Amino acid sequence: MNENPYFPNLALITSIRDEVGGDRAIKTFQTRFVNGNNFTFKSGQCAMLSVFGKGEAMISISNSPFTKDFLQFSILKSGRVTSALHNMENGSIIGVRGPYGNSFPMEKWKGRNLIFIGGGIGLAPLWSVLKTALVNKKDYGDLMLIYGARTSKDIVFKDELYDLRSEMTVHLSIDKDESGWNEFVGFVPENVKSKVSWPQNSIAIICGPPIMIKFVISTLAELGFEDEQIYTTVENKMKCGIGKCGRCSIGEHYVCTEGPVYSWAELKKLPQEY
Amino acid sequence: MEQYEPRIIAFLCKWCSSAGSDLAGVSRMKYPPNIIPITVMCSGSVSPLYVLSAFRNGADGVLISGCHPGDCHYIKGNFYARRKILLLTELLNYIGMDEKRFKMSWVSAAEGAKFTELAKDFVEEIRFLGPQNKLIRGN
Amino acid sequence: MEVVIQRDSFPQLLEKLNRYNIWLPRKNGDYWEFKLSRGKESLDKKYTNTKLSPKKFVLPQTETLFQITEGENGKFNIDEKQKKDSLDIVFGIRPCDGVALSHLDKVFLNSFKDPYYSKKRDNTVFIGLACETPPFENCSCTTMGESPFSTKGLDILLKDIGDRYIVEYITDKGKKLFSGFPNLFGKITTKDKESLEKIKKESNKKIKKRVEDLSETTKKLDIMFDSDLWFHESQSCINCGICTYLCPSCHCFDINDEQLSKKPLNVKRVRTWDNCQFPIFTMHSSGHNPRPDKQSRYRRRIYHKFSYFYKTEGEHLCTGCGRCSNYCPAGINIFETLQKVAEYE
Amino acid sequence: MVHIEDIKKEAKRLLKEKKIKYLIGYKRGTNGLTALPTFIKEPEDTDELIWEASCIQNLSRYLVEEKKEQLKNKAENTLPVGIIAKACDTRSIAVLLQEKFLERKDIYIIGVSCEYGGVIDQKKIKKKFRGKKPEKVIFDKTNNLLIGTKFGNIKVPAEEILAERCIECKSTFPLLCDDVFGENVKRKISEHFNSIKEIEELPAESRWEFWHGHLEKCIRCFACRSVCPMCFCTECVVDPIELAVTNESTAREKAEKVKWIERSTTATDNIIFQLVRTLHLAGRCIDCGECERVCPVDIPIRLLNKKMEKTALEKFGYESGFDINMPSLISNFKDEDPQDFIR
């Protein structure tokens, strides 16, 4: 790997899967470096993807570190770079640098129940930690996923979610009722309230839009979760990824280096600028 | 030595000037290939920013052409253009850009000959001036 | 180590160094800036300080990181442009700006060493010029715990004692630069030392301390994030970038791709200065903005300089040069804000 | 003569009777002679108001900020905002009203006539009074200024320290006022458009050198844009990303935003930025000179706008800032508009 931290390593897109269509389309990409092996990373870390001519975007890695032959990114079409990524084909070349940021403290969680709570594209960062937990299933207590999307069409990883039910509890929700939907209807925090009843010895890991995170945290607090039992990932705009350019800062932290994973106990102490 | 070939961006209104240039084409009146036409809906829709952007991207000259006064498909678009373009002309001249590099004309759908003549003159004028090197991007 | 050079010998020194790029402060209209030397010159006695800080020597406003070109069948070639190998010598850095260089070092040379910054830093010799009088009314290095004779961040410091300069070598790089021409330099005498002491004392006296106790400010910042002081202090702010672009310590930047041609793709990845006072600085792609108003942006600037940086690096990210306050279109004075924070109850 | 005590009294009354939400005015600066903007809510704070030749800023920019905040928060404006405005400042308010960006009922204008004077140019003062700190500037009726310093009064011809725009001022008396202080007097120091004559007479190549040399220095701090009351767009062509993004903006809108210029501060892109700004201000700029005053690298931006002002007047008989019912320069035309430049 190049010593220059700004240097994008060339990577080949090896697979593209459509998750969600429409205006807010989501696709899942797998990439492999052109020269040499993938970098090693931990669950929760991010990578800076470049589309040459368009720029860079920080995306969380959504596969488990145990799958070593590719890096996986699930990307919501949102701006200049992500739109360009959505226009790419199998075999296209992009730039990847990283991995950046801290990771989920999975060692610390051993012996605890894990509750994953996600909304929309927020399932992507959770997916990596969830898959890792499944590999070492015996290290943890009960596993549960609570995931919500706007409509049934906006649910990502549909097939995999179906398969997942054989290994752990999965609760899905959509915002408004649809015919043929026989799971929870309503917002994620409400679903959390109705499904979670065992704060003791549990860890809740949240990822989703900022407003959802906020409400889920207060719901969990009501249910009796301690601040140290709640983890979330924070997203801010990033450019350098290495704690210099200044824009992802929250207080004295740079999300790209000290974040993106925070326990609510830690995040609470920082200014709420995210 | 190879002859210098100027590049001229021409913003032509769809209803008159663009049709005029087409007429020149089908009538076998040859106008120089140095003119790169861009059809716009109306000369009034040409933002001064388009002109600056054309220069920035390497145009040696820029032409804006619309319908004759009174003939505008949108009634008065070309009158608005007239004001805007005069302001732009004065400003470009004021900062020392060669005013000859920027032109406006009225060409109707029937004036293929006028368009051809105009294009030829403009190309020769720019050929004489040489490449535009003042507003080139990256400089 | 200290030696002495006669003021009259200064042009000769420049001549001996002429194979390098020599930058001297020169007046451009109403303000001073660093310009390439035209040969035999002296340091202008009237020189105050440059309006734009010398950070451009190590962090230029616009800098190409590398160029990406598309080769055959979709392959890309990335050319890391690092052409700078020649030595730049900058004369007339005021000690406050030297201190700022030491701040930038902390940002760019720590973990994830920045190769562009580091190369420029290595290939530039910064020669300071101590202030016998504060150049501006808002000068206040002493507030920040520095002095008009500070040597931080510099390679050499010149101290003007009238008809001669006392030359203090700070780094080996500085020492090496002048080592080739010993006959231009003399030994420092007791008299020189005495006049220096006198000037130093005078100079320190002339600089007003603008904040009584800065440690109090830093302490108070911990408890006043939600204070309405930020609203009042920033009410006249107009969201321009003067304070940060002129600041010698501010270093936030942006990275963008600039297309030179589409097919085959030819792109420059460019780093440019950016600015925490612009609303778009922190705006997410969704339109959500963590710092949506000028009050939170102004607060960010003060906190970054006097609380956050202090927590992580043990120093204030401010040198007291006063540029932000001298040139603020709305007349916002950073020292007044700091004093108000210190007095906050 | 304008007496500050009268202004204070009126301001106090307005605040006491809750006629205005708050007052934007000037207070004593801490950094030399320049006055600072102040925002007064409480009647008793009106004592800090000042009125003198150092009240340089065009405070109507803050009306624009207030309006933008309101639009963002979708708040109803209940009380008008009071503002102390010089003649030129009222002309900028007039343009904002003409363009329907502001509503007349939302502002309360306390106009102050500059009478025989105007405001000082800080740079000129600095040069003229090197070492001596001017403390007070008084105008007499003979185009001379009396400058009070520690060393006594000094008499200086107006053009030596007045801001350039004041020397060329069309009228020193404010318009559209709810209250007005000072007299309506005629005074003339210099011909209109005198300042751009010198440049206009240069040969084209020298004009290019002049402007290229200046605009090359631009550091894109956007202070000119930020200080300008007419630059109220939520989105500017030079911004690298769209500012007007909301939750509803589609990815396509965001991705396809045209990059007219790059963020690199190349001379070409600096020039295009300033040209676009100048054109956008044609027929709108009322020559308050703020852009030039704030420019940290001393680009004579005012002279660009002045050229457009001159063109508008000479070619279209249009003058901005005097009539709020007139259609604006480029949203209008006349049959007899010049067209001899068109082939």
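None of the figures in this text is laboratory data; all of them are computed from the coordinates on show. The structure displayed is predicted, hence computed values, not measured ones. All Cβ positions, even for glycine, are placed from backbone atoms using ideal geometry, and neighbour counts span all protein chains on display.
When a/c reaches 1.5 or more, the comparison of a/b and b/c decides; with that in mind, is the stretch D:191-341 rounded, prolate or oblate per its Cα gyration tensor? Verdict is oblate for the stretch D:191-341.
Quick one: divide the alpha-carbon radius of gyration of the stretch A:9-53 by 2.2 N^0.38 Å and tell me what you get. Kindly include the intermediate steps, with their values, before the conclusion.
On the way: Rg = 12.7 Å, N = 45, 2.2 N^0.38 = 9.3 Å.
Cα Rg divided by the expected 2.2 N^0.38 Å: 1.36.
Classify chain B: rounded, prolate or oblate, from the alpha-carbon gyration tensor (a ≥ b ≥ c, eigenvalue square roots; a/c under 1.5 rounded; otherwise prolate if a/b is larger than b/c)?
On the way: a/c = 2.09, a/b = 1.18, b/c = 1.77.
It comes out oblate by the Cα gyration axes.
Considering chain C as a Gaussian network with a 10 Å cut-off on Cα pairs, which listed residue, C:Glu72, C:Glu258, C:Glu315, attains the greatest mean-square fluctuation? Per the Cα network of chain C with a 10 Å cutoff, C:Glu72 tops the list.
Calculate the FRET efficiency for A:Arg32 and C:Lys75 from the Cβ-Cβ distance with a Förster distance of 25 Å, rounded to the nearest 0.05. About 0.95, to the nearest 0.05. Within chain A, A:Cys46, A:Cys207, A:Cys248, A:Cys256 have no other Cys Cβ under 4.7 Å of their Cβ and so lack a disulfide-compatible partner by this rule.
Taking a temperature of 4 °C and a viscosity of 1.567 mPa s, what whole-number D in µm²/s does Stokes-Einstein yield for the stretch A:156-274 with Rh from Kirkwood over alpha carbon pairs? Working shown, then result.
On the way: Rh = 16.2 Å.
Here the translational diffusion coefficient equals 80 µm²/s.
Quick one: net charge around A:Ile94, please, counting Lys, Arg +1 and Asp, Glu -1 for every other residue with C-beta under 12 Å from its C-beta. Residues close to A:Ile94 contribute a combined charge of +1.
The Cβ shell under 14 Å around C:Lys200 holds other residues with a net charge of -3, Lys and Arg each +1, Asp and Glu each -1.
Estimated at 0.36 nm per residue, the fully extended path between D:Gln70 and D:Ser190 surpasses their Cα-Cα distance by 39.1 nm.
Do you know the relative contact order of the stretch D:1-160, to the nearest whole percent, from alpha carbon pairs under 8 angstrom that are 6+ apart?
19 percent
Considering only D:Cys228, D:Cys177, D:Cys288, the Gaussian network model of chain D with Cα springs below 10 Å gives its largest mean-square fluctuation to D:Cys177. Averaging the Cα positions of each part gives two centres, and for the stretch A:1-73 and the stretch A:241-255 these lie 21 Å apart. Principal axis analysis of the Cα atoms in the stretch A:59-191 yields extents of 40, 40, 23 Å, listed in decreasing size. Pairs of Lys residues in the stretch B:41-139, spaced 8 or more positions apart or belonging to different chains, with C-alpha separations under 21 angstrom: 10 in total. Inter-chain Cβ neighbour count for D:251-263, averaged per residue, equals 6 (cutoff 10 Å, partner chain atoms only). In this label model, B:Leu129 and D:Thr246 are separated by 4.4 nm, measuring between points 7 Å along each Cα→Cβ vector. Working from label points 7 Å from Cα in the Cα-to-Cβ sense, the B:Ala113 to D:Thr78 distance is 7.5 nm. Across the stretch C:192-301, the convex hull enclosing all Cα atoms gives 195 Å³ per residue. Look at the Cα gyration tensor of chain D: its axes a ≥ b ≥ c give a/c of at least 1.5 with a/b at or below b/c, and that counts as oblate. Distance from the Cα centroid of the stretch D:267-343 to that of the stretch D:88-122 is 18 Å (rounded to whole angstrom).
Below 8 Å, C-alpha to C-alpha, sequence gap of six or more: please give me the relative contact order for the stretch C:111-178 in percent.
Once divided by the residue count of the stretch C:111-178, the mean separation gives 29 percent.
A Förster radius of 51 Å combined with the Cβ-Cβ distance from A:Ser152 to D:Lys155 puts the calculated FRET efficiency at roughly 0.05. For the residues D:Gln57, D:Gln274, D:Gln70, a GNM of chain D with alpha-carbon springs under 10 Å puts the largest fluctuation on D:Gln70.
Measuring nothing but how far apart in sequence close Cα pairs (under 8 Å, 6+ apart) lie, relative to its length, chain C scores a relative contact order of 21 percent. Think of it as helices only: each DSSP H run of n ≥ 4 in chain C is worth -39500 (n - 2.57), and spread over all residues that comes to -8000 deg cm²/dmol at 222 nm. Across peptide D:266-272, how many C-beta atoms of other chains are within 10 Å of each residue C-beta, on average? Neighbouring Cβ atoms belonging to other protein chains average 6 per residue here.
So which of A:Lys77/B:Lys14; C:Lys16/C:Lys187; A:Lys244/D:Lys68; D:Lys86/D:Lys257; C:Lys55/C:Lys191 end up more than 29 Å apart, counting from Cα to Cα?
Working: A:Lys77/B:Lys14 35 Å; C:Lys16/C:Lys187 20 Å; A:Lys244/D:Lys68 32 Å; D:Lys86/D:Lys257 39 Å; C:Lys55/C:Lys191 36 Å.
Result: A:Lys77/B:Lys14; A:Lys244/D:Lys68; D:Lys86/D:Lys257; C:Lys55/C:Lys191 exceed 29 Å.
So, counting K/R as plus one and D/E as minus one, what does the shell of residues with Cβ under 11 Å around A:Gly141 add up to? All intermediate terms of the calculation are to be shown ahead of the outcome.
Working: positive: A:Lys110, A:Arg112, A:Lys137, A:Lys138; negative: A:Asp139, A:Asp142.
So the environment of A:Gly141 carries a net charge of +2.
Expressed as a whole number of Å, what is the distance separating the alpha-carbon centroids of the stretch D:164-183 and the stretch C:137-160? When both Cα centres are located, 46 Å separates them. Taking 0.36 nm per residue of separation and subtracting the current Cα-Cα distance, fully stretching the chain between A:Asp139 and A:Asn90 would add 13.9 nm.
Modelled spin-label separation between D:Lys19 and D:Ile324, with each label point placed 7 Å from Cα along the Cα-to-Cβ direction: 1.7 nm.
Here the calculated FRET efficiency for B:Arg28 and D:Lys315, from their Cβ-Cβ distance with R0 = 30 Å, stands at 0.15, rounded to the nearest 0.05. Under the convention that each Lys and Arg Cβ holds +1 and each Asp and Glu Cβ holds -1, the size of the dipole of chain D around its Cα centre is about 940 debye.
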